[in-house]
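S.K.: Got a structure for you, questions after.
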């Protein structure tokens, strides 16, 4: 999409779509920092909830794109970018936590 075709409303659609992905995944999971600290005890459960939150986010972003077809590209781009970033954060947190020899905060 050429820059000339992007309007201010596309920017809002992009931010709303990205924001909903962050909000939905956060509602389903603890923070990546907590996930890393407690990965030894919670890695499998954590990733289960990251996947559930991701599925919810996909449903909301897809619905928004279908409702607002004029801004669908921006909605899909914002949601996808936010998902890639958040999934990457949790994936890294899980792997870094499992590789760490430090004790977690949970018994």
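The values are calculated or read from the model by the stated rules, or taken from the named source; none is laboratory data. Predicted model, so just to flag it, every value in this text is computed and none were measured. Positions of Cβ are backbone-derived with ideal geometry, glycine not excepted, and every protein chain shown enters the neighbour counts.
S.K.: Taking the criterion of being in a helix (DSSP H, G or I), more than 17 Å from the chain's Cα centre (by Cα) and surrounded by fewer than 16 Cβ atoms within 10 Å (Cβ to Cβ), would at least one residue in region 10-27 satisfy it? Walk me through how you get there before you give the answer.
M.R.: Of the residues in region 10-27, the ones in a helix (DSSP H, G or I) are 10-27.
Filter again for more than 17 Å from the chain's Cα centre (by Cα), leaving 10-12.
Narrowing the set further to residues that are surrounded by fewer than 16 Cβ atoms within 10 Å (Cβ to Cβ) leaves 11-12.
There is at least one residue in region 10-27 that is in a helix (DSSP H, G or I), more than 17 Å from the chain's Cα centre (by Cα) and surrounded by fewer than 16 Cβ atoms within 10 Å (Cβ to Cβ).
For every residue, the table says whether it meets (1) modelled with pLDDT of 90 or more; (2) touching a helix residue (DSSP H, G or I) at 6+ places or on another chain (Cβ under 8 Å); (3) in a loop (DSSP other than H, G, I, E, B).
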{"site": "30", "(1), (2), (3)": "no, yes, yes"}
{"site": "34", "(1), (2), (3)": "no, no, no"}
{"site": "52", "(1), (2), (3)": "yes, yes, no"}
{"site": "55", "(1), (2), (3)": "yes, no, no"}
{"site": "63", "(1), (2), (3)": "no, no, no"}
{"site": "78", "(1), (2), (3)": "yes, yes, no"}
{"site": "101", "(1), (2), (3)": "no, no, yes"}
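S.K.: With 35, 18, 64, 27 as the choices, which residue is out of contact with any strand residue (DSSP E or B) (no Cβ under 8 Å at 6 or more places or on another chain), touching a residue at least 12 places away in the same chain (Cβ under 8 Å) and closer than 11 Å to residue 94 by Cα? Outline the logic, then answer.
M.R.: On the way: 18 fails: closer than 11 Å to residue 94 by Cα; 64 fails: closer than 11 Å to residue 94 by Cα; 27 fails: closer than 11 Å to residue 94 by Cα.
Of 35, 18, 64, 27, the one residue that is out of contact with any strand residue (DSSP E or B) (no Cβ under 8 Å at 6 or more places or on another chain), touching a residue at least 12 places away in the same chain (Cβ under 8 Å) and closer than 11 Å to residue 94 by Cα is 35.
S.K.: Oh, and also: Any chance region 43-60 includes a residue that's in contact (Cβ under 8 Å) with a residue 40 or more places away in the chain and farther than 24 Å from residue 20 by Cβ? Before the answer, list the steps.
M.R.: Keep residues of region 43-60 that are in contact (Cβ under 8 Å) with a residue 40 or more places away in the chain, which gives 43, 46-47, 50, 60.
Now restrict to residues that are farther than 24 Å from residue 20 by Cβ: 43.
Within region 43-60 (the criterion being in contact (Cβ under 8 Å) with a residue 40 or more places away in the chain and farther than 24 Å from residue 20 by Cβ), the answer is yes, since at least one residue qualifies.
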